[in-house]
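Only one structure is covered here, and it is reproduced in the block below.
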Amino acid sequence: MKKLALFLALVMIITLIPLSLSAMAEDGTLIWEMTEDDVLSFLADPEGHEFLRPAHSGGRPVYDVDADGGIHISNRNADWQSVDIRDDWMEEGQVYTIVAEFRSSEPALFRIMNTDSPYATLAITGEPDTYGTVVFVTGIVEGQRGVRLTTPNGVHVDYTIAGIRIYEGNIASEVGAAEWYMNVPSLRELFSDYFLVGNIMEPGVIDDASTVEMFLHHYNSVTAENSMKPENVSPSRGEWNLSGPNRLVDWANSNDIRVHGHTLVWHSQSAPWLTENEDGEPLTRAEARENMEYFITYYVGHFAGRVAAWDVVNEAFTDGVSANAPGEAWRDNLRTNSPWFLAYANGLDEAAGECPSDYIYDAFVFTRLADLNAVLFYNDFNEEQVGKREAIAAMTEELNERWRDDPRNDDPDRLLIEGLGMQAHYWTDWLDPNDVRDTIVRFAQTGARVAITELDIPIGHWNSFGARDYDNLAHQAELFGALFDIFVEYSNYIDSVTLWGRADHQSWRAQGFPLLFDGRLNPKPAFWSVVEVVDPEAAAASRPQVEPPEPEPEEPPVETPAPTPDPTPTPPPPQPEPEPETNNFPWWIFVPIIVIFTIVFAVAGKKKNKKK
């Protein structure tokens, strides 16, 4: 009996210990960590490494090992020249946390991004003033998608990847990733009497519970940043990639968030099959028109009743439109190098009144027939400039008049182009809010509704980014406040105001810190200026009080004083303290073992007593 009991106890120990270890194995298993041996093997055979591969399209950067054993990348002339994490070892449907450590000898931002379409920045450093030290970036990737460790658009500095760690599961909060500060007024509630407030999302982001909580708190309109653009949904005729857009649209519909579709007809990010033959030459007008009708009818029809509005045509006008371009002259200012313009010019019948610009009218008509309930927008940037504003308005008025007499129109009182989208990609040094006001007034005169579709205001001017200092952040805040004052004033004509990015470090213009939340996901002065437009008391009660920096003394003292830290433009609200670590070892496995040994010794004791 004693031997049997001991045998059972041993079996239970062998069985329970693996079970206990399995119970402890939760998200957070370290899959791989880069060592100096990995760096050396990568440099010896860059294409043969199990986890890494070079990214050097368009040039040949120099890869080397730095003094601390990291991968140093120099001689770069493009931001995509970097290092990728391979995707052939990843499992479909599995979530991974990537932690990268970067170092550079000059100020720079660093990011983790996808290497395949739809391209998306998964994470980016929030501050540029960390050069000379290691900075950490944490990103989440789902499924078999390659990951690039690089700099933002247009940044070509030399840098070092000092370390990489890959974990199973989403453990971003456990490895130091920032969390959204939620103790702030809701933007959607503040402006509920005026217009919808929107932002961008991607299908993969809706798996991030923290970001979803923030989004539902602030926004009631959503636009897909990339996943619903033509090249992503239909790379070839008859091929449709709608699983991602379906997820995003279903998520929005289930949360009572309006979906603004972006975009259908555009000179950029559109698949060649729509407008070109296999040799890259423009299709004939008839061929391109047939492709457009097929594409729009299927795509828009698929989402009919689920997507409330569409950017039907995007950016048809060239930059620098003359201020003297009203009336019919709007056609002289179209992008003549647009694939759609070129195809519609190939084989047109001028005697029949055909024109390359007809692709714009056709796009709106096909969309209207595919979904009678969707609101149809024309969308463009630099819309606050006088010439472009007048050209857009003139086009809208002419095409709406043409639709009024179109035999396919069974509702003559309804406009074809029902909305005009103002992208609102501005700069702090090149923005006069009065120009925005004038554009809203002019667009409203066409009878169309207005939407602010892609709002951001980076610090600086025309791709020359400025410093993130007190004065620049204060000026940015003033501009955001002035714009929202105008939006509220003309809210009878405005359907929605959508920001193009959730936080500075996630923006396509991250170097200019263009949004309402900073890289640590805390509200900036710009956020509080927006709140102040409709609720000054809430802004005054909640916003941090920041004093401007003291002026420099005119004459420096004889002795050099100790350095004074620069004032922080926006002191971050207190982040919740981490929960104390607990010992998760499953001590319960010893309970059945103790019970068995107790029985064994009890039985042994009884036998001993009987012998006596």
Being part of a loop (DSSP other than H, G, I, E, B) and either buried (at least 16 other Cβ atoms within 10 Å of the Cβ) or touching a His at 6+ places or on another chain (Cβ under 8 Å) (or both) is the filter here, so list the residues in the range 293-305 that pass it. 303
Could you please find all residues in the range 428-477 being of a type outside the set (Phe, Trp, Tyr) and part of a strand (DSSP E or B)? 449, 450, 451, 452, 453, 454, 455, 456, 460, 461, 464
In the set 180, 266, which member is closer than 30 Å to residue 340 by Cβ and aromatic (Phe, Trp, Tyr)? 266
Got a sec? Which of 206, 200 is of a type in the set (Val, Ile, Thr), at pLDDT 90 or above, under 25 Å from residue 252 (Cβ atoms) and in a helix (DSSP H, G or I)? 206
For the range 242-270, what are the residues that are in a loop (DSSP other than H, G, I, E, B) and open to solvent by less than 20 Å² (accessible area, probe 1.4 Å)? 242, 257
Of all residues in the range 343-379, count the ones that are buried (at least 21 other Cβ atoms within 10 Å of the Cβ) and touching a Pro at 6+ places or on another chain (Cβ under 6 Å). 2
Looking only at the range 442-463, which residues are hydroxyl-bearing (Ser, Thr, Tyr) and out of contact with any helix residue (DSSP H, G or I) (no Cβ under 9 Å at 6 or more places or on another chain)? 453
Residue under evaluation residue 328, criteria (1) closer than 16 Å to residue 393 by Cα; (2) at pLDDT 95 or above, criterion not met: (2)
Taking residue 170 as the residue in question, decide whether it is assigned to a loop (DSSP other than H, G, I, E, B), without any contact (Cβ under 8 Å) to a residue 40 or more places away in the chain, open to solvent by 20 Å² or more (accessible area, probe 1.4 Å) and touching a helix residue (DSSP H, G or I) at 6+ places or on another chain (Cβ under 8 Å). no
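Every residue, every condition in (1) open to solvent by 10 Å² or more (accessible area, probe 1.4 Å); (2) at pLDDT below 85, yes or no:
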| position | (1), (2) |
| --- | --- |
| 56 | yes, yes |
| 61 | no, yes |
| 72 | yes, no |
| 84 | no, no |
| 89 | yes, no |
| 94 | yes, yes |
| 113 | yes, yes |
Conditions: (1) within 19 Å of residue 423 (Cα to Cα); (2) among the hydrophobic types (A, V, I, L, M, F, W, C); (3) in a helix (DSSP H, G or I). Residue 531 meets all but one. Number of the miss? (1)
Return the total of residues in the range 492-526 being under 16 Å from residue 425 (Cα atoms), in contact with a strand residue (DSSP E or B) (Cβ under 8 Å, 6 or more places away or on another chain) and either outside any loop (DSSP other than H, G, I, E, B) or hydroxyl-bearing (Ser, Thr, Tyr) (or both). 10
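The values are calculated or read from the model by the stated rules, or taken from the named source; none is laboratory data. Remember, it's a predicted structure, so these values are computed and weren't measured experimentally. No Cβ is skipped: glycine too gets one built from the backbone with ideal geometry, and neighbour counts run over all protein chains shown. Each accessible area value is taken on the protein alone, full model and side chains, heavy atoms only, with ligands, DNA and RNA left out. Shrake-Rupley method; radii C 1.70, N 1.55, O 1.52, S 1.80 Å.
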